[in-house]
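*Asks:* Sharing a structure below in structure tokens format, with a few things to ask.
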Amino acid sequence: FDIRQQCSGFLYGLDVAEALIFLMQCYESTEIINVGGDKVYPAEVEDVIMRMSNVSDATVHRHYHPIIGQVVGATVALKRREPAAGFKRRLRKHCAEHLARYKVPVKVELTDQTAYSERFKKSRRPTEKAKEKSGRPVPAN
């Protein structure tokens with residue numbers, strides 16, 4: 001099995017623009033968040049958020065930023081109601097103590113429950129509300 005033979009026919013059939021679009025779609029389908037060239041693994045940030053009190057579940061995903069490309073966003077489900085502004089400050093402070101600065105969630109959204117796929121995998125897509133705010137389409141995971 002030679003991968004070059006498998007790919008050569010496919011890539012020769014594409015022009016440069018189509019090949020770049022294909023590669024960009026492959027890159028964007030990964031869960032890794034690229035913050036100004038630094039890589040963020042959502043599971044690492046979720047683990048830190050889950051250690052906070054009053055958090056029942058957390059999902060970390062990418063949000064688009066006009067200057068640095070992507071920033072970290074988090075959707076958090078709470079056990080008990082808490083003022084949103086106070087919780088967001090507490091979350092950012094907690095994450096800043098345990099993570100590098102570029103890994104701290106910039107956009108935080110509170111929800112009743114986090115979304116799971118039919119295979120019980122966390123959906124790391126921003127919610128519809130977050131998509132509307134960003135004004136840019138979000139690629140499917």
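*Asks:* Fully extended, how many nm does the chain gain between residue 17 and residue 81 (0.36 nm per residue separation, minus their Cα-Cα distance)?
*Replies:* Working it through step by step, the gained length comes to 18.1 nm.
*Asks:* Report the gain in length on full extension from residue 50 to residue 111: 0.36 nm times residue separation, minus Cα-Cα distance, nm rounded to one decimal.
*Replies:* Length gained between residue 50 and residue 111: 20.5 nm.
*Asks:* Please list, in chain and number order, the residues 5+ apart from residue 57 or on another chain whose amide H is under 5 Å from its amide H, with Hs placed from the backbone.
*Replies:* Distant-sequence amide H within range of residue 57: 77.
*Asks:* Another one. Which ³J(HN,Hα) values, rounded to whole Hz and listed in residue order, are derived for region 105-111 from phi using the Karplus coefficients 6.51, -1.76 and 1.60 in 6.51 cos²θ - 1.76 cosθ + 1.60 with θ = phi - 60°, glycine and proline given as x?
*Replies:* x, 8, 10, 10, 10, 9, 9
*Asks:* Tell me the net charge near residue 37. Cut-off is 15 Å between Cβ atoms, residue 37 excluded, with +1 for each Lys or Arg and -1 for each Asp or Glu.
*Replies:* Local net charge: +3.
Values quoted throughout were computed directly from the atomic coordinates according to the rules given, and no laboratory measurement underlies them. Predicted model, so just to flag it, every value in this text is computed and none were measured. All Cβ positions, glycine included, derive from the backbone under ideal geometry; neighbour counts span all protein chains shown.
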